[in-house]
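Beneath this line is the structure, given in structure tokens, with notes to follow.
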Amino acid sequence: SGDNYTGSLKSASLPSGRTYELVCAKNTNYGLDISGGSCMAQANVQIYKRNGTEAQAFTMTQLSDGNWQIRNYKGMVVDVKGASGAKGANIWTYDWNGTNAQKFKAQLNSDGTYTFLNVGSGKAIDVSGAVMANGRNVHQYTPNNTLAQKWVLVDVTSGMNAKSYEGKKRIASAINQNYVLDIAGGSLYARANLQLYRRNGTGAQPFNFTYRGDGYYSIINVQSGK
């Protein structure tokens with residue numbers, strides 16, 4: 001690690017469907033991170049010291065048009081706020097909707113790093129001011145070939161699959177990940193029905209997973225505690 005990328009971390013190739021840390025080339029102690037480890041829409045995207053959590057793990061999926069979806073391990077995708085084309089527009093998380101605000105071109109640089117260019121705006125995912133610090137904001141900016149826009153991809157697929165699944169999560173259908181398990185009516189009462197519903201950011205949809213030993217977990221709705 002250090003203040004400038006020197007190739008000490010080998011950047012992974014980019015096969016679709018694998019999970020990566022997106023490590024800052026400016027200082028490889030830091031990586032792309034979801035603020036507070038949130039699994040909800042509109043959570044801020046920032047950089048933070050690498051810590052091996054799900055907030056810093058992103059599954060890269062190549063779409064049929066050749067562009068890439070960047071989905072955080074907790075379920076939301078990286079998105080340009082308001083589909084803005086402006087320099088400095090914020091990057092946050094959002095439900096997948098298939099718009100260009102959520103699609104990125106993966107540009108492989110000569111030093112083995114990647115730059116991610118938003119399809120809608122043509123601008124790069126960029127660390128604001130190139131400042132390496134916990135909580136430093138990530139936005140989009142005119143491509144400029146600086147280290148603030150370069151990312152080293154470290155494949156963590158095996159490690160993430162081996163992790164405990166404890167923590168707050170939503171449970172998405174494999175048929176359509178826009179639909180998740182949901183407590184009908186957001187009920188706080190016992191015997192409320194469990195159903196499938198479109199992601200909507202309410203407390204009816206996240207669940208806390210707690211490991212109970214011997215391979216078993218309790219799954220408790222965040223809002224009701226049941």
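The values are calculated or read from the model by the stated rules, or taken from the named source; none is laboratory data. Just so we're clear, the structure is a prediction, and the values are computed from it rather than from any experiment. Using ideal geometry, Cβ is built from the backbone for each residue, glycine included, and neighbour counts are taken over all protein chains shown. Side chains are part of the model used for accessible areas, which takes the heavy atoms of the whole protein and leaves out ligands, DNA and RNA. Shrake-Rupley method; radii C 1.70, N 1.55, O 1.52, S 1.80 Å.
Take every Cα pair under 8 Å whose residues are at least 6 apart in sequence, average their separation, divide by the length of the stretch 48-139, and the relative contact order is 22 percent. Entry note, the chain: relative contact order of 18 percent, from Cα contacts under 8 Å with a spacing of 6+ residues.
Of TYR141, TYR20, the residue with the largest accessible area leads and the full order is TYR141, TYR20 (1.4 Å probe).
Calculated from the alpha-carbon coordinates, the chain shows an Rg and a Dmax of 17.9, 58 Å respectively. Convex hull of alpha carbon positions in the stretch 106-226: directionally averaged projected area 11.1 nm². Accessible surface of ASP65, taken over heavy atoms with a 1.4 Å probe and every protein chain present, rounds to 80 Å². Which of LYS168/LYS226; LYS87/LYS150; LYS26/LYS74; LYS123/LYS150; LYS103/LYS150 have a Cα-Cα distance over 21 Å? Long pairs (Cα-Cα over 21 Å): LYS26/LYS74.
Computing FRET efficiency as 1/(1 + (r/R0)^6) for VAL131 and ASN200, where r is the C-beta to C-beta distance and R0 is 30 Å, gives about 0.30.
Computed from the C-beta positions of TYR189 and SER218, the FRET efficiency with R₀ = 30 Å rounds to 0.95. With K and R counted +1 and D and E -1, the other residues having a Cβ less than 12 Å from that of ASP95 yield a net charge of +3.
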